[in-house]
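The values are calculated or read from the model by the stated rules, or taken from the named source; none is laboratory data. These figures come from a predicted structure and were not determined experimentally. Cβ coordinates were reconstructed from backbone atoms using ideal geometry, including for glycine residues, and neighbour counts include every protein chain displayed.
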Amino acid sequence: MREGAIGGTAARATDGVIKEVIVESDAVRTFCFQEPHSPWPGQYMMVWVRGVDEIPMSFSGPDRMTVHAVGEATRALFDLQAGDALGLRGPLGNGFSLVGEKILLVGGGVGVAPLAFLGDEARKAGMEVTSLIGFRTASDVVLKSRLEGLGELILTTDDGSAGVKGFVSAGLAKVDLEEVDQIYLCGPELMMWDVINRCRSRADRIQACINRYFKCAVGVCGSCCLDPEGIRVCAEGPVITAERLLEGEFGRYRRGPSGSIGSCQG
Amino acid sequence: MRSLSGNVGGLDLQIPVILAAGILGTTGASLRRAALAGAGAVVTKSVGLLPRDGHPGPTVVVLEDGLINAMGLPNPSFRGFQEEIDVGRTGPAPVVASIFGSGSEEFAEVARSLKADAFELNLSCPHAEGLGAEIGCQPDNVEQITRAVKRSVDVPVWVKLTPNVSDIRALGLAAQEGGADAVVAINTLRAMAIDIQSGYPILGNSFGGLSGPAIKPVAVKAVYDLSGVLEIPVIGVGGISDWQDAVEMMMAGASAVQVGTALMGGYGVFQEIARGIASHLDRKGWTMEELVGLARRRVA
């Protein structure tokens, strides 16, 4: 049986050979692959660390992903070097859509990675890009120079060790939202929820790249379904317009690997 | 469209096309969404006595003509699941709770603790140790477990059978003897895929179960064999992607069909299949009764 797809969706894993590993901070590294994968910003791939697990990762460029070491699989990933290989399934999911002339990227932590990729594409399309990015502390800051190259940049840190002191929302006050056609959001759920709540009146103009527990990544197992509509985040997302996130589980709870309901922190 | 409604295995179905177990049935919202999209009934993901995270990834291998999965029965336990069933039941179709356990007592305890429109006993998952097909391949176990659940609940009980045996008819007869209201055939076929770059089995569990178009001929034969010996209805499942597949499965003897892997193509599949069956009956001038089991009558 040839590898392929039912219903034209995903394919079986291909071999992704690592070309270069870039250390972005203590806990964040970018893995560049020898072959690009033709993704659009906001799309992801299922990354198989052989013998460990398979996890979803956003693209931070056509040939790369930027990873925060948080669990068993991501830590195993950090043991790999140039020349090592991973199994890759993708690109998967819908990705962001570019709308308007002036856009605002709002990212928290490693969530800035798909936004930097989107910013590159937006600049190529002649759009004006402003970035608002937040981190816990100065040593956590990643991809700052790449985003600075795209346009205006506002940096926040929780402890004030770099940029504006406070959460990303503290930086939001420095942006004239009336001037912005579309807001693109990626980061910890409660940070995104805070931004969405502060901008509820423009929720139809916010695209959020969100995270749920993905297993199959082809829209059949149901582990990532989002209340109350039952959106299959792996297949119909991971980018979802904020107005569809207002009255459901987003920002309130999420399901874990067993399907049990838990906190949406982190 | 002509009506396809009828009673199958103790449930009144608007259309004889059902969401299969293990597909999107993890949450109440997704069950309701399938019902709103036109499914005649929706079967939940299997739930058991204790929470399980399931197998490590990869949990699926996508092939051109099928899907190999080894989810590993992830579920929040029956305690966490009643709320999801209740949300699912706010939709327009009956909700069938798929349940699993290690033996009669566990099955009966889970069934007694849940409120649903019917139960489907998972005696057929091919990749969970000490569960599913590992116990469901023995006719004695199938009969005892079916009887234990039937004694514990007052709603219909369906039994989903494994094809990974030499003669599936023995399992069907055991389910019927235990008091089942219907059998559901087939669950996935044991299968494996190996990554040729590294030599690793691709699935986190090393092996899993094959579903999708690749297994349809196997399912058609199993349904044909079962319907030849059983008095209770057979619900056909395995590789049904369009109305032609559903008609074929019904001709083999299925009173209704379930759809799983084809949901990869979206929720429209229920309505498409129902419309296709209805038009085909119109074109041929057949009734549903004439369609179900037609293949056996042709060669009788």
Legend entry - Among residues of segment B:251-278, those that are over 13 Å from B:GLY38 (Cβ atoms) and out of contact with any helix residue (DSSP H, G or I) (no Cβ under 9 Å at 6 or more places or on another chain), counted: 3
Inset, instruction - Only residues that are among the polar types (S, T, N, Q) and either in contact with an Asp or Glu (Cβ under 7 Å, 6 or more places away or on another chain) or not in a loop (DSSP other than H, G, I, E, B) (or both): list them for segment B:6-35, please. - result: B:ASN7, B:THR27, B:SER30
Inset, instruction - Among residues belonging to segment A:42-62 that are within 12 Å of chain B (Cβ to nearest Cβ) and assigned to a loop (DSSP other than H, G, I, E, B), point out the one that is nearest to A:ILE18 (Cα to Cα). - result: A:ARG50
Legend entry - Checklist (1) in contact with a strand residue (DSSP E or B) (Cβ under 9 Å, 6 or more places away or on another chain); (2) assigned to a loop (DSSP other than H, G, I, E, B); (3) more than 14 Å from chain A (Cβ to nearest Cβ); (4) within 28 Å of B:ALA174 (Cβ to Cβ) applied to B:GLY38, failing item: (4)
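Keeping to segment B:36-59, report how many residues are in contact (Cβ under 8 Å) with a residue 60 or more places away in the chain and of a type in the set (A, V, I, L, M).
Looking only at that region, the number is 6.
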Legend entry - Listing of helices (runs of 4 or more DSSP H) fully contained in segment A:168-258 that carry 3 or more residues being touching a residue at least 12 places away in the same chain (Cβ under 8 Å) and charged (D, E, K, R): A:189-198
Legend entry - Selection status of A:LYS144, surrounded by fewer than 19 Cβ atoms within 10 Å (Cβ to Cβ), of a type in the set (Lys, Arg) and modelled with pLDDT under 95: no
Inset, instruction - Consider A:VAL17 carefully, then state whether it is farther than 14 Å from A:ALA217 by Cα, within 14 Å of chain B (Cβ to nearest Cβ) and either in a strand (DSSP E or B) or modelled with pLDDT of 95 or more (or both). - result: yes
Legend entry - Verdict on A:THR66 being free of Cβ contacts under 8 Å to residues at least 24 places away in the same chain, not acidic (Asp, Glu) and not in a loop (DSSP other than H, G, I, E, B): no
Inset, instruction - Return yes when B:ASN205 is in contact (Cβ under 8 Å) with a residue 40 or more places away in the chain, within 14 Å of chain A (Cβ to nearest Cβ) and assigned to a loop (DSSP other than H, G, I, E, B) and no when it is not. - result: yes
Inset, instruction - Restrict the check to segment B:25-36 and report whether at least one residue is modelled with pLDDT under 95, closer than 17 Å to A:CYS221 by Cβ and touching a helix residue (DSSP H, G or I) at 6+ places or on another chain (Cβ under 7 Å). - result: yes
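Has segment A:109-116 got at least one residue that is within 14 Å of chain B (Cβ to nearest Cβ), within 15 Å of the chain's Cα centre (by Cα) and hydrophobic (A, V, I, L, M, F, W, C)?
Checked segment A:109-116: no residue is within 14 Å of chain B (Cβ to nearest Cβ), within 15 Å of the chain's Cα centre (by Cα) and hydrophobic (A, V, I, L, M, F, W, C).
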Legend entry - Subset of segment A:176-218 (residues that are more than 8 Å from chain B (Cβ to nearest Cβ) and either on the phi > 0 side of the Ramachandran plot or polar (S, T, N, Q) (or both)): A:GLN182, A:GLY187, A:ASN197, A:SER201, A:GLN207, A:ASN211
Inset, instruction - Kindly indicate the residue of segment B:41-52 that is under 17 Å from B:VAL184 (Cα atoms) and either in contact with a Cys (Cβ under 9 Å, 6 or more places away or on another chain) or among the small types (Gly, Ala, Ser) (or both) and also farthest from the other protein chains (Cβ to nearest Cβ) among those meeting that condition. - result: B:ALA41
Legend entry - Selected residue (only one of A:CYS234, A:CYS225, A:CYS264, A:CYS221 is within 18 Å of B:THR27 (Cα to Cα), under 17 Å from the mean Cα position of the chain (by Cα) and within 14 Å of chain B (Cβ to nearest Cβ)): A:CYS234
Legend entry - A:ALA73 vs. criteria touching a helix residue (DSSP H, G or I) at 6+ places or on another chain (Cβ under 9 Å), in a helix (DSSP H, G or I) and of a type outside the set (S, T, N, Q): no
Inset, instruction - Having 3 or more residues that are touching a strand residue (DSSP E or B) at 6+ places or on another chain (Cβ under 9 Å) and at pLDDT 95 or above is the bar; report the helices (runs of 4 or more DSSP H) wholly within segment B:214-293 that clear it. - result: B:216-229, B:243-251, B:269-284
Legend entry - Candidate set: segment B:14-27, residues that are at the interface with another protein chain (Cβ under 8 Å from one of its Cβ atoms) and in contact (Cβ under 8 Å) with a residue 60 or more places away in the chain; chosen: the one surrounded by the most Cβ atoms within 10 Å (Cβ to Cβ): B:GLY25
Legend entry - Among (1) surrounded by 23 or more Cβ atoms within 10 Å (Cβ to Cβ); (2) within 14 Å of B:PRO58 (Cβ to Cβ), the one test that A:GLY42 misses: (2)
Legend entry - Residue count for segment A:65-115, restricted to those that are basic (Lys, Arg) and within 27 Å of B:VAL60 (Cα to Cα): 2
Inset, instruction - Output yes when any residue across segment A:147-157 is assigned to a loop (DSSP other than H, G, I, E, B) and free of Cβ contacts under 8 Å to residues at least 24 places away in the same chain, and no when none is. - result: yes
Legend entry - helices (runs of 4 or more DSSP H) enclosed by segment B:97-200 - at least 3 residues per element that are surrounded by fewer than 22 Cβ atoms within 10 Å (Cβ to Cβ) and away from chain A (no Cβ under 14 Å): B:104-113, B:139-152, B:168-177
Inset, instruction - Could you please find all residues in segment B:255-291 being closer than 15 Å to B:GLY238 by Cα, within 14 Å of chain A (Cβ to nearest Cβ) and not hydroxyl-bearing (Ser, Thr, Tyr)? - result: B:GLN258, B:VAL259, B:GLY260, B:ALA262, B:LEU263, B:MET264, B:VAL269
